[in-house]
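J.: This is the structure, below, for whatever I ask next.
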Amino acid sequence: MSVQLRRLATLLAALVVLPVLPVHAATPPLPDRIAAAWRTDRIYVDARIAPAIPATELDRIRAESARAGFAVYVAVVPRTPYLREKLHDLPTLLQARVGEPGLYIIRVVSDKYWSGAEALFRPGGLRGRSLSSVRSDDGQRLQIVDDRPTPQIVRTIQQAATAYDGRPLPAAPAGDLEPPRRAPDTPSYVDREDRAAFTGLGVGGFAGFVLVLVLALRRRPGVRSKAAEPTAYRKEIRRQADQMIKRAAHSVRQLERRSKLSVTQLDQRDEANRRLDAARKLRADQPDDLLAVTGALVLARQAQQAADGGTIQRPCFFDPTHRTGTTRVAWDDGVEVPACRTCAQRLSKGKPPYGLRVSRSTGLLGRGREVVPYWTLDPEDNPMVATGFGALSDDLAERVCKRPEDAR
């Protein structure tokens, strides 16, 4: 009898404990965690990176938020797989949970690079400039440092205040700006010392090097480019990019002509303008660069999708000029990338995909040329390569507009 009673007691204890376990095991989604934290503090910093952000930096954000005249919600978090997909949707998702107008700022860190998303939600019926238009007119936005989050956050609050009620945009302090670059023809003190010390030795060594080089090239008269510059599609891609930019601009104008825009439509307009500005910048700064022209085509296509109220589609990683990447395929040590139907089918058959190919310099002094898939280039040299034209991370527009030299 006692054995039966013990078994019954064990069963009852299990029934009491089991319903509680899933509640403690489940981790709330990131938007829910941030929204819950904002109920007590509108400046949320993830515990994993909180030690790296000084209290003085947070105090500066709080002070700027207090001067804004509207609610400012800030979340500083590390980059996660969820944020790679949902970063630019997060302000809208958070505003839906909080239910209040205001400025919603998300800043994420990946290695030493800070980026993010932001959206300004106004009270019903209040009109003013869009946040994206103020950002586009801000001549200092490309100079703000990206190695810490506070300068970006403070500048975004100031831009939102200008959009909100038209107050003048203040100048950014020198500490928030990238250090000025020394003119190439102005050598530093160390450079002048080295030049004075080694001029004689350098001239003799250089003369010997030139002599050896000339003799070597004479022995190899056939040193030429291994492949021609890939110009076959450049003219067509340029035409498509320019056409798509016009179509995206038309879609934005059609959206802005509506008598009263909802909060969702205002977000769509800002998102479209952000990508359209980046596309125009690429076309203006690098009109003949294949990577830049392709990036402009991708960004303009996404701008039109945003303005038309559709879902922003990632491009095909292998060739962004193809149809959008509707299928995820394994690539490079199991990493999944979006691919168009054609590229996905070729990979499934064990064939190499039709990749966008570009030329790069090879050989001594860069005289040779070879044509390679674009993803084999150094990602540090170009934001299109680093993001897979937005297929790997959806921050291509921010990287293009960050610094002029980033979009080479």
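J.: Stokes-Einstein D for the stretch 36-81 at 4 °C, 1.567 mPa s, Kirkwood Rh over Cα pairs, in µm²/s? Before the final figure, lay out the partial values.
T.: Values: Rh = 11.5 Å.
Stokes-Einstein gives a translational diffusion coefficient of 113 µm²/s.
J.: At a Förster distance of 30 Å, what's the computed FRET efficiency of Ala174 paired with Glu370, Cβ-Cβ distance as r, to 0.05?
T.: Values: r = 44 Å, r/R0 = 1.47.
The value I calculate is 0.10.
J.: Relative to the present Cα-Cα distance, how much length would full extension add between Val145 and Arg328 at 0.36 nm per residue of separation? Walk me through the numbers on the way to the answer.
T.: Values: separation 183, 0.36 × 183 = 65.88 nm, distance 3.41 nm.
Here the answer is 62.5 nm.
J.: For Arg129, project a label point 7 Å along Cα to C-beta. Then give me every residue of the stretch 142-159 with its amide nitrogen under 16 Å of that point.
T.: Counting only backbone N, you get 142, 155-159.
J.: What is the Cα convex hull volume of the stretch 281-339 when expressed per residue in Å³?
T.: Values: hull volume 5.1 nm³, N = 59.
For the stretch 281-339, the hull spanned by Cα atoms encloses 87 Å³ per residue.
J.: Within the set of other residues whose C-beta is less than 10 Å from the C-beta of Tyr374, count the net charge using Lys and Arg as +1 and Asp and Glu as -1. Intermediate results must be reported in sequence, preceding the final value.
T.: Values: positive: Arg357, Arg360; negative: Asp319.
In short, +1.
Taken together, the values in this text are just the output of simple stated rules run on the coordinates, not laboratory data. These numbers were taken from a predicted model, which means no experiment stands behind them. As a convention, Cβ positions derive from the backbone with ideal geometry for all residues, glycine included, and neighbour counts pool all protein chains shown.
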